[in-house]
Amino acid sequence: MSDAYSLLINGQRYAGANGTFEVINPATETPVAECPAASVQQLDQAVEAAQSAFESWQHSSDDERKACLNAIADRIEAHTDELAQIIVQEQGKPLFLAQAEVGGAVAWTRHTASLELPVKVLEDSAERHISLHHKPLGVIASITPWNWPLMIAIWHIMPALRAGNTVVCKPSGFTPLNTLRLIELLSEELPAGVVNIVTGDAEMGQAISEHPGIQKIVFTGSTGTGQKIMQSASGNLKRLTLELGGNDAAIILPDADVDAIAEGIFQTAFLNMGQTCACLKRLYVHDSLHDALCDKLTDLAQQQVVGNGLQDGITFGPVQNAMQFQKVSELVDDARRQGATVRCGGEPQAGAGYFYPPTIVTDLPAGCRLVDEEQFGPVLPVIRYSDVNDAIAQANASAEGLGGSVWSSDITQAQKIASQLDCGTVWINNHAEVLPHAPFGGSKMSGVGVEFGEEGLLEYTQLQTVNIRR
Ligand code: NAD
């Protein structure tokens, strides 16, 4: 497999000018493959290729771009098994979830192909005609994380292309292989230079953020990195879409039906081993339901089959990398030391691999890190409340504001509570559902801008007002 991966710049495959680095399988802690390590000179080449491809791609018609995106969707779909296998090996999620990730990538590509760039007429009078048009920006850089690496690359690249931009992408150094293969597949449907890929970590990310030939960065990752990008991007006033961390709260109202909601809560808290930006990460449960719901969640956690995602019957994979694994262990140990109850899980699994079983923690004291920090792993802190206003205040007492949810049998009451949550998306009787037609983005420190739908597409454009005097 090691010879199979290369950078792709201007339609050509290249080895990394900085040699290679190992990509580690989190289920075995053994190397999956060597990944080419790009140099900053190769980034320059990629940006030049994208600039030159932009000269003609920006003038391609809507129909041409839609056809390209649909052909890309077909090509990705035809390679579902290959891409899913790569994802499991470097990311760790179980195969069924990796297949769902590829399926999501296909669906998002098709939906983005179907979007229109609207032209709005503001005035049509005897004096003048004023209209608003959306022009592409130029070269877009995409910087992606390791949790849903293929899907998030698609979320960045497809609207950029649909709007007439060209792209340089940089995947996470933990999970670059699926995106290298994805870009090869894309390049078979696109003119040379329209999509390019470089690799690397913080240093390359910094070089991208500062690069004067890039007009916009779309970034998904941690809040700290997002802040660095914002600072480095100021040289040429790059446009930014930043999808950052979240510490989503869910509030369970006293009239909720525990039997009906337990499975949904479990799945949306532990989706992708809890390594999903929009996972439910703090569960506030009314006193009257607390014990019953915790019992159900503990049962569901204990039913999971933890192991290597390529093996049959596995429902729960490893944490993606050693750093994250240590962070999760540390947060649970800290909560335990402070007197919290670990209802299930709570200890790393012995042997190779970053396996940490699904863990439910209750009786957490105020100020506990497991509640206040984004754990981004397979742990759910459950907090008991008796006054709903107190639960709302605690839910909002976070610097982050990605998503939130309210669970109740009374939708009107749930909506009243939901409207008081300070976050970019609020779900009722659900959580973490992202859809290609529903704009998604964070409030407060969870980000800038939105992705998906027409609103997401327009973030890849510059507004031009055309004022015609009559
Ligand atoms: P990260 O910020 O460590 O890395 C993300 C990407 O940024 C990687 O490609 C990395 O190489 C690159 N990078 C690192 N330093 C950089 C720098 N100085 N300049 C530019 N780029 C740099 O994040 P991660 O650990 O890969 O991902 C986990 C985080 O991502 C969590 O906080 C999670 O909530 C967040 N996330 C958010 C969303 C969302 O939509 N809001 C989605 C998924 C993940």
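A compact table of results
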| read-out | value |
| --- | --- |
| Matching option when the condition is part of a strand (DSSP E or B) and of a type in the set (A, V, I, L, M), among I24, I72 | I24 |
| Unmet requirement for G424, which otherwise passes all of (1) open to solvent by 30 Å² or more (accessible area, probe 1.4 Å); (2) within 16 Å of the ligand (Cβ to nearest atom); (3) over 17 Å from G246 (Cα atoms) | (3) |
| Where a residue in the range 369-380 is part of a loop (DSSP other than H, G, I, E, B) and its partner, wherever it lies, is within 14 Å of the ligand (Cβ to nearest atom) and among the hydroxyl-bearing types (S, T, Y), with Cβ under 7 Å and at least six apart | none |
| Subset of the range 340-368 [in contact with a Ser or Thr (Cβ under 6 Å, 6 or more places away or on another chain) and either without any contact (Cβ under 8 Å) to a residue 12 or more places away in the chain or in a strand (DSSP E or B) (or both)] | T341, R343, C344, I360, T362 |
| Subset tally (residues that are open to solvent by 10 Å² or more (accessible area, probe 1.4 Å), of a type in the set (S, T, N, Q), touching a residue at least 24 places away in the same chain (Cβ under 8 Å) and within 13 Å of the ligand (Cβ to nearest atom)) for the range 229-254 | 1 |
| Residue in the range 92-113 that is basic (K, R) and surrounded by fewer than 22 Cβ atoms within 10 Å (Cβ to Cβ) present | yes |
| Scope the range 182-201; condition within 11 Å of L7 (Cβ to Cβ) and within 16 Å of the ligand (Cβ to nearest atom); matching residues | I183, N196, I197, V198, T199, G200 |
| Residues of the range 206-228 that turn out to be near the ligand (Cβ under 6 Å from one of its atoms) and under 17 Å from the mean Cα position of the chain (by Cα), as a count | 4 |
| Single residue of the range 289-307 satisfying the filter (in contact (Cβ under 8 Å) with a residue 12 or more places away in the chain and more than 30 Å from A391 (Cα to Cα)) that is most open to solvent (accessible area, probe 1.4 Å) | V306 |
| Residue selected from the range 371-384 under the condition out of contact with any Gly (no Cβ under 9 Å at 6 or more places or on another chain) and closer than 15 Å to S405 by Cβ, by the criterion surrounded by the most Cβ atoms within 10 Å (Cβ to Cβ) | V382 |
| Residues satisfying the stated conditions in the range 349-370, i.e. open to solvent by 20 Å² or more (accessible area, probe 1.4 Å) and touching a Pro at 6+ places or on another chain (Cβ under 6 Å) | Y354, L364 |
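Residue-by-condition table, conditions (1) in contact with a Leu (Cβ under 6 Å, 6 or more places away or on another chain); (2) within 16 Å of the ligand (Cβ to nearest atom); (3) open to solvent by less than 20 Å² (accessible area, probe 1.4 Å):
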position: G274; (1), (2), (3): no, yes, yes
position: K281; (1), (2), (3): no, yes, yes
position: Y284; (1), (2), (3): no, no, yes
position: D287; (1), (2), (3): no, no, no
position: G309; (1), (2), (3): yes, no, yes
position: T315; (1), (2), (3): no, no, no
position: F325; (1), (2), (3): no, yes, no
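The values are calculated or read from the model by the stated rules, or taken from the named source; none is laboratory data. Computed from a predicted model, the values in this text were never measured in an experiment. Cβ coordinates were reconstructed from backbone atoms using ideal geometry, including for glycine residues, and neighbour counts include every protein chain displayed. In case anyone asks, the SASA skips ligands and DNA or RNA and just uses the protein heavy atoms, side chains included. Shrake-Rupley method; radii C 1.70, N 1.55, O 1.52, S 1.80 Å.
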